[in-house]
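The values are calculated or read from the model by the stated rules, or taken from the named source; none is laboratory data. Note that this is a predicted model, so its numbers are computed, not measured. So basically every Cβ, Gly included, is an ideal-geometry build from the backbone, and we count neighbours across all protein chains shown. Protein only, heavy atoms only, side chains kept; ligands, DNA and RNA dropped before computing areas. Shrake-Rupley method; radii C 1.70, N 1.55, O 1.52, S 1.80 Å.
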Amino acid sequence: MQTEPAITSELVAAHGLKPDEYERIVGLIGRAPTFTELGIFSAMWNEHCSYKSSRIHLRKLPTSAPWVIQGPGENAGVIDIGDGQVCIFKMESHNHPSFIEPYQGAATGVGGILRDVFTMGARPIACLNLLRFGSPTHSKTRHLVAGVVAGIGGYGNSFGVPTVGGSTGFHRAYDGNILVNAMAVGLARRDEIFYAKASGIGNPIVYLGSKTGRDGIHGATMASASFEADAEEKRPTVQVGDPFSEKLLLEACLELMKSGAVIAIQDMGAAGLTSSAVEMGAKGNLGIELDLDRIPCREIGMTAYEMMLSESQERMLMVLTPAKEKEAEAIFRKWGLDFAVIGKTTDTLRFVVRRHGEIMADLPIKELGDEAPLYDRPHLTTPKRPKIDPVATPAPVSNDEALLRLLGSPDICSKRWVWEQYDHLILGNTIIAPGGDAAVVRIEDGPKGLALTTDVNARYCAADPVEGGKQAVAEAWRNITAVGGRPLAVTDNLNFGNPERPESMGQFVGCLEGVGEACRALDFPIVSGNVSLYNETQGAGILPTPAIGGVGVVDDVKTACGAGFRMAGEAILLIGETEGWLGQSAWLALICGREEGAPPPVNLAVERRNGDFVRSLVVDRRASAVHDLSEGGLGVALAEMAIASGLGAEIAALPEGPAHAVLFGEDQARYLVTCAADSADAILKQAADAGVPARRLGMTGGDSLRLPGEQPILVSILRTAYETALPSYMAGGTPDGFANQ
């Protein structure tokens, strides 16, 4: 017989439940909960699992399109990519665990998102990530960068999936709360998708994978609260991953799925056995009975409470066809994994948990999810900021010095040091590797491929959440377009501060408004995602960071376009209008030390028009290279194209306006395109006919970047500034760009 502690107000608070929420629980079940039941409610009603502060706003997002097979609400989103194939993908956060224990936090973040994809029947073919760290001068930043990157590489490389893209940035607002968002992408046949909805009465519930331990207990609850001064004390809530076991689990699950044995399957992710069992039963309008004595454990003396809340990794829960039980067990034993029948489905709509013959929990199963609190929290609109006048904002340094400093700055510099620690070539289908606008991965033997990217500019989102949200989606759309992809759908990871603060909640609401508006205008629906709130330490919240993971289809990977100049003597064209918008630009922040003004406005009709035109050039093979313009503007984009190829360029004429604003302004809906010199006039005429602003800037060639009125800069010097900044910093140095942050 297990002795459980008495329920006190202090114990309720320690479980992240407010007094009124506890009273709601008592009202639902008609009595005080047991300790195990309190833990179950804590797991199901925390922010991470219930979305109690965000559900009301998430409902406003566009989630459907003719090619969307499964939108939000399952383990991952599913889109039709033709030829009987589907792409299954999702992005999730492991922010709090990665701050506490960077290697295991990041590693298990990768493991968890991979399970979300393959539990639906997909074989993972690519991973991406979006990482945000604190100021480079903060004492913990190097340690966190090193641990997170090693964790992502250690898990993904060992599992055997290429990490093909991502985004890494730095800002003092992340000093106390880094962001580690992991994205996984998989392929399946359209008629072989698996869901988490249980069906049938009396069907066996099967535990699959690794054994249960005490790691990760209260992981989801910890991820639903702000940090105070106790981050180190929460280390036991961080899970420990084993990528080799996960690889075995993948192969065993896919083999089992082909056997016809699987009725429903669910990853044991956040809140472990509790959430997986409850969700499977509730979706199928069924009850669930579990006998915890049958669960394979790797630690002795585990209580029902510990077993229900453990977040040990590499585990699945399945509802099985009874006649296939022996066949299913043989498959898992062959792969050296645990297989145990731990319960059954019932018609009671109750969630019943037994341990040592005692009933430790007996709860209404649907109410565990359906009756979770739903809050319409007060939110304040972020005040509009004024436009920065470029004429009244003189350049404090020369443009060539500004360019070199921008190239060596934390957000813009090459992230080669990061992505070379990831195996981005395994499986042999990576067509465009990390470092460009979007990665391109061939689908099986081709000719089709997927274009993949992750993006967000949090500085824009803080200054104007609506415009920042729009820009994050538009940037992902542009990146996919730049490589010749047709953008199809989005997964998001909404990282924000404390929703109980009206200012922070206002940022969340504003960003979602912008994200939704852009997704509708660009036919780029959101099919999956994650909300991560309470990213705050001792009252200081992160910048609002609605990370966008975009997926598109490249009809023939042979047409996919890179971002480096291809050959000398080609024309360089600028697509899109240049005003010289300096508000919230990298130039204003780094060179002038000012994070001020309104971010660049996003005209979604113009984004679509310009992007469709550029994509047609890529697909028709008239563009030899394409690069979208984002942070650092035209000057940085030209330098990046030169660095990628080792080839210089001579720019004959720039758009009108102050040179520093023209070179470093961050106007939206713009691309650099190179083409054969004798094709330039025809392309410019076609652009004019389509109403697309376009102009010839100059020609590729030579060993220097030559800008009007500036001293030529050798491409080798540009490359040194760009490529050495991050390795030098991680080795203990303080390059100029990093030292100024």
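Per-structure values
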quantity: Cβ-based net charge around residue 677, under 11 Å, with every Lys or Arg adding one and every Asp or Glu removing one; calculated: -2
quantity: Antiparallel bridge percentage (DSSP; both residues within region 112-181; nearest 5); calculated: 30
quantity: Peptide ranges 327-336, 439-448 listed from the most packed, as the mean C-beta count within 10 angstrom indicates; calculated: 439-448, 327-336
quantity: Additional length obtainable on full extension of the chain from residue 298 to residue 387, 0.36 nm per residue less Cα span; calculated: 26.0 nm
quantity: The chain - mean residue ellipticity at 222 nm from DSSP helices (-39,500 (n - 2.57) per run, n ≥ 4, rounded to 500); calculated: -10000 deg cm²/dmol
quantity: Distance violations [Cα-Cα > 25 Å] among 258/344; 60/344; 211/334; calculated: 60/344
quantity: Option label - Kirkwood radius over Cα pairs in Å computed here, alternatives (i) 26.3; (ii) 28.6; (iii) 27.8; calculated: (i)
quantity: Percent RCO, i.e. relative contact order, over region 559-663, from Cα pairs under 8 Å lying at least 6 residues apart; calculated: 43
quantity: Cut-off 12 Å between beta-carbons: net charge of the residues surrounding residue 90, Lys and Arg +1, Asp and Glu -1; calculated: -4
quantity: Among 26, 44, 15 - extreme Cα towards positive end, dipole of region 1-57, charges at beta-carbon; calculated: 44
quantity: Antiparallel %, DSSP beta bridges [both residues in region 473-619], to 5; calculated: 65
quantity: Among 661-667, 352-358, 474-480, the order from most to least packed when residues are scored by Cβ within 10 Å on average; calculated: 474-480, 661-667, 352-358
quantity: Accessible area per residue in Å² at 1.4 Å probe, computed on region 434-555; calculated: 20
quantity: For region 148-213 versus region 326-340, the gap between their alpha-carbon centres in whole angstrom; calculated: 22
quantity: DSSP beta bridge pairing in the chain, given as percent antiparallel to the nearest 5; calculated: 80
quantity: Net charge of neighbours whose Cβ lies under 9 Å from the Cβ of residue 515, counting Lys and Arg as +1 and Asp and Glu as -1; calculated: -2
quantity: Inter-centroid distance (Cα atoms) of region 619-685 relative to region 525-601, Å; calculated: 16
quantity: Sorted peptide list for 258-271, 586-599, criterion being average Cβ within 10 angstrom, highest first; calculated: 258-271, 586-599
quantity: Set of aspartates and glutamates near residue 247 by C-alpha distance (under 12 Å), chain-local residues within fewer than 8 positions excluded; calculated: 314
quantity: Sequence-separation-based contact order of the chain, relative, with Cα cut under 8 Å and 6+ spacing, percent; calculated: 15
quantity: Euclidean distance of C-alpha centroids, region 109-146 and region 269-290, integer Å; calculated: 26
quantity: Accessible surface of the chain, 1.4 Å probe, proportion on carbon and sulfur as whole %; calculated: 52
quantity: Helix runs (DSSP H) in the chain reaching 20 Å along axis by Cα, Kyte-Doolittle at least 0.5; calculated: 141-159
